[in-house]
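Enquirer: Here you go, one structure.
The values are calculated or read from the model by the stated rules, or taken from the named source; none is laboratory data. Remember, predicted model here, so these are calculated numbers, not experimental data. In this analysis, Cβ positions are derived from the backbone assuming ideal geometry, glycine residues included, and neighbour counts consider all displayed protein chains.
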């Protein structure tokens, strides 16, 4: 038990401002770290490139689900008004598609929007109420005015001492090991 | 200092300052979070108390309505649609400004919107709640309201998807869902801020659950920002479609004064017009109570006034265009309807509408009036009165005098029409007071993002 409590789950380094965080991220990326993240109170312009992240696949997910929703919406109206319960309205054809456009659009947008939100939660693995970064007492600053980089111990390049001195060499204001108290 | 923010001249080159008072990231957090953390101001209790009383009055009247039926309203034979539809359209329209601010101004990169988008979105949600109330209760037998949804039932019947009233059901419920999601997504990082500042365990847990364990990591921001952009892109056509569909409730009928193709754009412009007026009314009150003059600056108010001037003139153009087409069409029913609007028994309502919606916003041509807070406060209230009368004029004049003079009748509301409408204000303000007390009503994340020191390019390298 005692041994497990001393286990290091990662490292957290704090930087002064968004610009320093951005440049530090480039150096961490170039040093070959993979499982690191840059925490900030707001999204920082240019950070995706600085971290070497791939484009988010969310757009494709939303586009696909939006189309699916619109398709299902059309199908529902066609089946309900032209197949299962045929309604004669002003002598028009049962499937007079222009009249079905508004609901088709609405259902499509609904599917797309739900995918945008829950797809984003899924890609971000939210909700996740615990994470090694919360072992730090300092981490709360990230949602206020703190700019930090965390590296997880599962990163192949991670080494508690080497990573710590690496962060000190690139100008971190403070560096701490993430371990249970 | 090597990394000091460049001189203010350089910051100006990157766009004018949007937030006043030389804020730091921390001062933004403090200023906005402490509203939800500090004690409750006395004025809040007064406002909340009045709202709850109105809400209770409205709901007891709704109870009586359900017991007794729609006969307690002022509806008569030609006028089968009264205040319920007027209030519905009015409230939905008010909601649209919130989406315009949060989605359309976002797509147009209008970064000044960050100070007002959170409470404008909240206003959208509460306004749509009030709007949804009226179609639900106007069916009279409210236990039959499920007829509106395509649910399998014992009669083996399906609703008619070619009816604009059913389009409304889909449009408004989708709109409510999307607005709620958009608002919540925006709230997540701010709730994480409140979580990290929480003193009591209970507050920490509640905020922790609703902030979902947000860590502010760029791997999260990356998907988050794209989700936000996509939601803005989806909400933009949605908001335009919702009020277009609302207008088809009228436009697809054959009644003179309703059966016109101008309705969708005319309704959308009117919706944005009245919604901005409501955002202004609420914003002016909130900035005063909580001393947020540095966040909601006079420049924000001035820009919103300019949007009201623009949309007010679009509405004014629609009024005159309707008149022109009524004459130009050569259709005598159409011509009669419009002459009757302006000079018939509802002329008082028509000219109230013209004064509030067309004349009042013209004052915003003058910078002095555009930046005068007491004046704009009164003007925004007048505009919302005018926009309510616009819907009333459309509904009442066309219905009360249709094709057959023998069936004409004058429509006037009863105490229950008025009471339920006032009660919907109770619902709206109860929700709004709860919101400004317990949630950050300005987006801290987005305000921090538009401060000059948030942009890495503003630092010396």
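Enquirer: Right, residue A:15: in the same structural domain as residue A:152 (by TED's automatic domain parsing) and either within 26 Å of residue B:238 (Cα to Cα) or touching a helix residue (DSSP H, G or I) at 6+ places or on another chain (Cβ under 6 Å) (or both) or not?
Expert: Yes, satisfied.
Enquirer: Which members of region B:291-327 meet the condition of being in contact (Cβ under 8 Å) with a residue 40 or more places away in the chain, part of a loop (DSSP other than H, G, I, E, B) and surrounded by fewer than 20 Cβ atoms within 10 Å (Cβ to Cβ)?
Expert: Across region B:291-327, the qualifying residues are B:292, B:293, B:294, B:297.
Enquirer: Tell me which residues, restricted to region B:227-247, are surrounded by fewer than 22 Cβ atoms within 10 Å (Cβ to Cβ) and facing chain A (nearest Cβ under 8 Å).
Expert: B:237, B:241
Enquirer: Could you tell me which residue of region B:171-220 is nearest to residue A:110 (Cα to Cα), considering only residues that are more than 9 Å from every other protein chain (Cβ to nearest Cβ) and not in a helix (DSSP H, G or I)?
Expert: Checked region B:171-220; the qualifying residue nearest to residue A:110 (Cα to Cα) is B:198.
Enquirer: Restricting region A:37-73 to residues that are more than 8 Å from chain B (Cβ to nearest Cβ), more than 19 Å from residue A:122 (Cα to Cα) and buried (at least 20 other Cβ atoms within 10 Å of the Cβ), which is modelled with the lowest pLDDT?
Expert: Looking at the filtered set, the residue picked out is A:50.
Enquirer: How about region A:103-129: which of its residues are modelled with pLDDT under 95, facing chain B (nearest Cβ under 7 Å) and more than 19 Å from residue B:182 (Cβ to Cβ)?
Expert: A:128, A:129
Enquirer: How about region A:149-164: which of its residues are touching a helix residue (DSSP H, G or I) at 6+ places or on another chain (Cβ under 9 Å) and either part of a helix (DSSP H, G or I) or within 9 Å of chain B (Cβ to nearest Cβ) (or both)?
Expert: Residue satisfying the conditions is A:150 alone.
Enquirer: Which condition from (1) surrounded by fewer than 20 Cβ atoms within 10 Å (Cβ to Cβ); (2) under 30 Å from residue B:29 (Cα atoms) is the one that residue A:13 breaks?
Expert: (1) is the only condition that residue A:13 fails.
Enquirer: Follow-up question, since we're still on this one. State all residues of region A:114-139 that are touching a residue at least 12 places away in the same chain (Cβ under 8 Å) and either closer than 20 Å to residue B:244 by Cα or surrounded by 15 or more Cβ atoms within 10 Å (Cβ to Cβ) (or both); if no residue qualifies, say none.
Expert: A:114, A:115, A:116, A:119, A:120, A:123, A:132, A:133, A:135, A:136, A:139
Enquirer: If only one of A:58, A:75, A:53 is in contact (Cβ under 8 Å) with a residue 12 or more places away in the chain and under 35 Å from the mean Cα position of the chain (by Cα), which one is it?
Expert: Of A:58, A:75, A:53, the one residue that is in contact (Cβ under 8 Å) with a residue 12 or more places away in the chain and under 35 Å from the mean Cα position of the chain (by Cα) is A:58.
Enquirer: Sort out which residues of region B:383-417 are over 17 Å from the mean Cα position of the chain (by Cα) and free of Cβ contacts under 8 Å to residues at least 60 places away in the same chain, and write them in order of number.
Expert: Listed by number, the residues that qualify are B:393, B:404, B:405, B:406, B:415.
Enquirer: For residue A:164, only one of the following conditions fails: (1) surrounded by fewer than 19 Cβ atoms within 10 Å (Cβ to Cβ); (2) out of contact with any strand residue (DSSP E or B) (no Cβ under 6 Å at 6 or more places or on another chain); (3) in the same structural domain as residue A:7 (by TED's automatic domain parsing). What is its number?
Expert: The number of the failed condition is (2).
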